[in-house]
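**Q** Questions regarding the structure given below will be posed in turn.
The values are calculated or read from the model by the stated rules, or taken from the named source; none is laboratory data. Note that the coordinates shown come from a computational prediction; the quantities given were computed from them, not determined experimentally. We place every Cβ from the backbone using ideal geometry, glycine too, and count neighbours over all the protein chains shown.
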Amino acid sequence: MSAATKTLIRTPGVDVQFLIDAEDSGCSTTAFIARIAPGAQTPPAHLHETWDETVYCTEGIVTYTIEGTKYEISQGQALCVKRGKPHKFDNLSNDDAWMLVVSTPGLFEEDYFLSIAEILNAATSGPPDFAALLAVQTRHGVTPVKG
């Protein structure tokens, strides 16, 4: 695992910035903040077998769908997505939403978001390269699921 640059990673509708990476924590945790624009194209439903994801909403409203059940979290509220649970997040409101995401153990890396951003930002005149997106997800232990 390499140290995170901790720079702001911008994609259409979703921005991410790592605060704590695996190197900082001895692989015990990673933490990043994310801004989700209203109606942003967010990652499809997925799961990760090797880490839990705790989400704390710092501003706005984030809608998480976990195993088919929708949860709205607003400022000051949190939820935990246990490893192996299919989930997806969206911003269905009219305002930006911000969340702090903590993954334990610290296996989720900044490189995932850098790679995804490169693919999404290159798609200026059409849809992104879905095969390339799937390859990045697979490389980082993120498994797409139906839902």
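Yes/no matrix, rows are residues, columns are (1) more than 14 Å from the chain's Cα centre (by Cα); (2) surrounded by fewer than 13 Cβ atoms within 10 Å (Cβ to Cβ); (3) without any contact (Cβ under 8 Å) to a residue 60 or more places away in the chain:
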{"position": "A45", "(1), (2), (3)": "no, no, no"}
{"position": "T58", "(1), (2), (3)": "yes, no, yes"}
{"position": "K70", "(1), (2), (3)": "yes, yes, yes"}
{"position": "K88", "(1), (2), (3)": "no, no, yes"}
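**Q** Shifting gears a bit: Considering only strands (runs of 3 or more DSSP E) fully contained in the stretch 7-114, which possess at least 1 residues that are of a type in the set (G, A, S) and at pLDDT 95 or above?
**A** Those strands (runs of 3 or more DSSP E) span 30-36, 69-74, 78-81, 97-104.
**Q** Separate question: Looking at D96, D111, can you tell me which residue is surrounded by fewer than 18 Cβ atoms within 10 Å (Cβ to Cβ), touching a residue at least 40 places away in the same chain (Cβ under 8 Å), over 22 Å from G39 (Cα atoms) and not hydrophobic (A, V, I, L, M, F, W, C)? Steps first, answer last, please.
**A** On the way: D96 fails: over 22 Å from G39 (Cα atoms).
Exactly one of D96, D111 is surrounded by fewer than 18 Cβ atoms within 10 Å (Cβ to Cβ), touching a residue at least 40 places away in the same chain (Cβ under 8 Å), over 22 Å from G39 (Cα atoms) and not hydrophobic (A, V, I, L, M, F, W, C), namely D111.
**Q** Another question about this same structure. Keeping to the stretch 50-75, report how many residues are among the small types (G, A, S) and closer than 14 Å to I33 by Cβ.
**A** Step one: filter the stretch 50-75 for residues among the small types (G, A, S), giving 60, 68, 74.
From what's left, closer than 14 Å to I33 by Cβ: 60.
Number satisfying all stated conditions: 1.
**Q** Continuing with this model, one more query. Of the numbered conditions (1) over 23 Å from A122 (Cα atoms); (2) under 12 Å from the mean Cα position of the chain (by Cα); (3) at pLDDT below 95; (4) of a type in the set (S, T, Y), S2 fails exactly one; give the number of that condition.
**A** The failed condition is (2).
**Q** Something else: Which condition does C27 not pass, out of (1) crowded, with 17+ Cβ neighbours inside 10 Å; (2) closer than 22 Å to T138 by Cα, if it passes all the others?
**A** In the conditions (1) crowded, with 17+ Cβ neighbours inside 10 Å; (2) closer than 22 Å to T138 by Cα, C27 misses (1) alone.
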